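Participant: Once you've had a glance at the structure underneath, I'll fire off some questions.
FYI, it's all coordinate maths here, none of it is from the lab. Computed from a prediction, not measured in an experiment: that's the story for all the values here. For neighbour counting, all protein chains shown are included, and Cβ atoms are generated from backbone atoms with ideal geometry for every residue, glycine included.
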Amino acid sequence: MTYRPTAMIAAGMLLMLESCNGGSPSPTPSPTPSPSPTSSPAPTPSPTATPTAFPLTSAAEFDSISARVNYTGDPAAHIVIEAGSVAGLSNAVRVSLTGAIATGSFGVKDNGEQTFFTNANVTLAPDPTVTEYMFRIEDSATAGKFSQLDFLNNSIASQVTSNAVFARSHVSYANWWRSDSTAGQKRFTTSVFGYSTAAAQVPTSGTSSYASGATGRVIRAFADGSSTERVTGTATVSVNFATGLIDATISLSTCPFPRCANALVIGTFSGQASIPAGGNAFTGTISSADGATGSFTGTFFGPQAKEIGMSFVIRGTYGAGADQRIVGGIVGAKP
């Protein structure tokens, strides 16, 4: 026996009745046109990955921790040095750089004053044998006017410094020195910057010791002249994450350009600070056995506070009463 769907049988009976009654079947409706095919949207390109470590793979800009000292006067005669100051992480001092020194732009901005440098301004190229690479612009129209920018050599791939104390992955620094004229104001700013640790990632227990390197300038005002020299050194920064206490021992020496030959010891300094509960930044004081005093500020960088960065200013005297400032930065890492 053959079964047919009920709907088909009913339709057949309806057509037979219409035929007997002389009716005509309803006209067949026009077929609905097929919709026009819709083109698929072009795929959205993947966003360029934001760098999270040094060396850089693209251009980047950073807020920074900073320290600054200004001074005025003819360096060959006499200068007057201001007290100097430090500032926590903010956009007051902002730096920009890239991993391509041949084609990139490198800049720094300090409270509205800014300068940009290119490969044409390089005076010390990045190389594994140097800790810093340097740019300098001199103004031939104004005697004594210049702008010089030094970066820690950890931002350009294949050229990162071989000095393990400074070859950091999450924190870096820049030193910006400029002069308005021979007798005009001179300004020196250290910026410490990088990929800071979120407060929630800072440990709340245990202790860590950060092996660190120091950089900066020592500025001295004598009765009949002055000197400004590069500074380098080492620091040990001990952190008790349970109590928040920080102890730092900083040893500094002069660092004659370009590779610190014939360096002279400046001294050893002690610093103490504390991390507020739930925070990732700190500010403290510096002192030394010979009466120098100063201040420093810093924060942690990288995952789980893997690295540390600080800026500092130290005030004191040198020799037979010469006024002295040391301004700079410190970068370090856990073992």
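Participant: Give the lysines whose C-alpha is closer than 23 Å to that of Lys306, dropping any in the same chain fewer than 8 places away, or say none.
Facilitator: Lys334
Participant: Starting from the 7 Å offset along Cα-to-Cβ, what nm value, one decimal, do you get for the label separation of Ala120 and Ala76?
Facilitator: Distance between label points: 2.9 nm.
Participant: Could you work out how far the C-alpha centroid of segment 170-189 sits from that of segment 117-137, in angstrom?
Facilitator: Centre-to-centre (Cα) distance: 15 Å.
Participant: Straight-line reach from Lys186: which lysines fall under 24 Å, measuring Cα to Cα and dropping same-chain residues less than 8 apart?
Facilitator: Counting by Cα, and skipping residues close in sequence, Lys186 has these lysines nearby: Lys109, Lys145.
Participant: Just want the answer: with Cβ charges of +1 for Lys and Arg and -1 for Asp and Glu, which residue in Ala164, Gln201, Gln148 is farthest toward the dipole's positive end in segment 115-234?
Facilitator: The listed residue farthest towards the positive side: Gln201.
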